[in-house]
Amino acid sequence: GKLVPDNFLLDIVRDRIKKPDCNNGYILDGFPRTLDQAIGLEKIMNEISQVLNMVISLNADENELVDRLVKRGVRFGRSDDTSDIIRKRQKIYWEQTAPLLDSYKERDLLKNINGLGEIEEITHRILKIIK
């Protein structure tokens, strides 16, 4: 099930992107994650005369991601970061997100970036694409 209803998330996003500091652009990190959220976001953007310019997808090898998350779980004592649980979460994520990424790709908005490496490297890759 969903922890937070889409309409609640969309209200938060609507309130935030209407603020003056977003007039020249903004980045939404980890949102939208589903087609329904994306449709809601674009309705909001249309209401306030904004346009979606780009979608960035950070890509990484699934086994590498699982290893990282398991290590994080051990380091921080997170019992929910076992290999099996992580793989189930990834499966759900991809079932919800793959259609969204396909939609953005069809509209030529999707930019794929290598998500492996140090944070500074990944940040540099993202900044290079959005400039």
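Assorted remarks:
- Among the residues of the stretch 41-56, those identified as surrounded by 12 or more Cβ atoms within 10 Å (Cβ to Cβ) and closer than 18 Å to LYS131 by Cβ are LEU52, MET54, VAL55, ILE56.
- Scanning the stretch 92-128 for residues that are farther than 18 Å from PHE31 by Cα, open to solvent by 100 Å² or more (accessible area, probe 1.4 Å) and at pLDDT below 95 yields GLU118, ILE119.
- In the stretch 57-68, of all residues being open to solvent by 50 Å² or more (accessible area, probe 1.4 Å) and at pLDDT 90 or above, the one that is nearest to ILE122 (Cα to Cα) corresponds to LEU58.
- Listing of helices (runs of 4 or more DSSP H) fully contained in the stretch 5-88 that carry 1 or more residues being on the phi < 0 side of the Ramachandran plot, within 17 Å of the chain's Cα centre (by Cα) and of a type in the set (Val, Ile, Thr): 6-17, 35-47
- Selection within the stretch 69-85 - touching a helix residue (DSSP H, G or I) at 6+ places or on another chain (Cβ under 8 Å) and either loosely packed, with under 11 Cβ neighbours inside 10 Å or among the basic types (Lys, Arg) (or both): ARG78, SER79, ASP80
- ALA38 being open to solvent by less than 90 Å² (accessible area, probe 1.4 Å), closer than 19 Å to LEU10 by Cα and in contact (Cβ under 8 Å) with a residue 24 or more places away in the chain: yes
- Summed over the stretch 91-112, the residues that are outside any loop (DSSP other than H, G, I, E, B), of a type in the set (A, V, I, L, M) and touching a residue at least 40 places away in the same chain (Cβ under 8 Å) give a count of 3.
The values are calculated or read from the model by the stated rules, or taken from the named source; none is laboratory data. Since we're looking at a predicted model, the values are computed, not measured. Glycine gets a Cβ as well: all are built from the backbone with ideal geometry, and neighbour counts include every protein chain shown. We work out accessible area using only protein heavy atoms, side chains counted, and drop any ligands, DNA or RNA first. Shrake-Rupley method; radii C 1.70, N 1.55, O 1.52, S 1.80 Å.
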